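A quick write-up on the structure given underneath.
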Amino acid sequence: MTPSQPNSIQENSASQSQSLFSHAPVWYRPTFSPEHGVYVVLFVSFLTGAAAAQQWTLATTLALICAFAGFQAEHPLVLQIKQRRSWKPRFLVWGGIYTGIALSLAVYLYLQTPVLVWLYLGAIAAFAIDAISVFYRQQKSVMNELLTFAAVCLAASFAYIATTGTWVVSLLGLWLLNTLFFSSAIFTVKLRKPKTASLVPGVIYHAIASVIVGVLWYIGWLTPIAAIAFGIVLLKFGLILVRREWYRTTRIQNVAMLETVSALLFFVIVAIALLPAHLS
């Protein structure tokens, strides 16, 4: 063995050890939700509420951080429920950190605007139902996914109430509009899977959702322009029906791009409708 061989062996051994350590699931490595589509839903919904408030204050920023932390808290806690036979320190630690941030900010904002308690109760109830669904492995059911989108879209009302300190009935219209728009993805994405490729649920959903949006406009909870924004999702659904075979086989990145572009177009139209004082 030459003098250089021991050094080479030591270097290889150190390299292997370092590689193994870098891939070890250490508890202090932050967890982030891989549900990129929900990020879009959360931020677009929040921004529609901010547009309705017509201002951005410190409370708006704190509400955004609170909503984001609450969303991130759900991921490690759900993973722990799925792997409930063994405790995972990383999931518990980061679930606790995100929950602590969200709760601290939620309490602070509640002290400024007590009416927020009703939103908090709704979000807590949605999380509890989702946790039960995960426990019984029913988290992919249509009803649970609809509930999840409805809970995330509460961000619109959260932004408005935290910013203005008031609540108006038209916020229900804005929340429902966001929920109905984004829940469309539940039925379109299922078209990519052979077991759920039937068009019937999607057609029924979009027909019912269109009627609901029409009613919201008729009773004055949505402006005409905001109601028209729902047409973006109908155009997207029509495009998918026309290019159904492409949609079923294309890469998931293309699906994500389609959803993101439609969400941005939706936000632009809704923002145009809400920037004037329509909700007061």
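The values are calculated or read from the model by the stated rules, or taken from the named source; none is laboratory data. Note that the coordinates shown come from a computational prediction; the quantities given were computed from them, not determined experimentally. Here the Cβ positions follow ideal geometry from the backbone for every residue, glycine too, while neighbour counts run over all protein chains shown. What goes into the accessible areas is simple: the full protein's heavy atoms, side chains included, and nothing from ligands, DNA or RNA. Shrake-Rupley method; radii C 1.70, N 1.55, O 1.52, S 1.80 Å.
So, in the range 58-91, of the ones that are among the aliphatic types (A, V, I, L, M) and open to solvent by 30 Å² or more (accessible area, probe 1.4 Å), which residue ends up nearest to residue 136 (Cα to Cα)? That would be 81.
Filter the range 74-89 down to the residues that are in a helix (DSSP H, G or I) and touching a helix residue (DSSP H, G or I) at 6+ places or on another chain (Cβ under 7 Å) and list them by number.
Residues of the range 74-89 that are in a helix (DSSP H, G or I), as a first pass: 74-82, 89.
If the condition is that a residue be in a helix (DSSP H, G or I) and touching a helix residue (DSSP H, G or I) at 6+ places or on another chain (Cβ under 7 Å), then 74, 76, 77, 78, 79, 80, 81, 82 are the ones that fit.
Where helices (runs of 4 or more DSSP H) fall wholly inside the range 117-194, the ranges with 1 or more residues that are touching a residue at least 60 places away in the same chain (Cβ under 8 Å), under 22 Å from residue 230 (Cα atoms) and not small (Gly, Ala, Ser) are 142-152, 154-164, 170-189. Under the condition of being in a loop (DSSP other than H, G, I, E, B) and either surrounded by 12 or more Cβ atoms within 10 Å (Cβ to Cβ) or not hydrophobic (A, V, I, L, M, F, W, C) (or both), the residues counted in the range 218-257 number 8.
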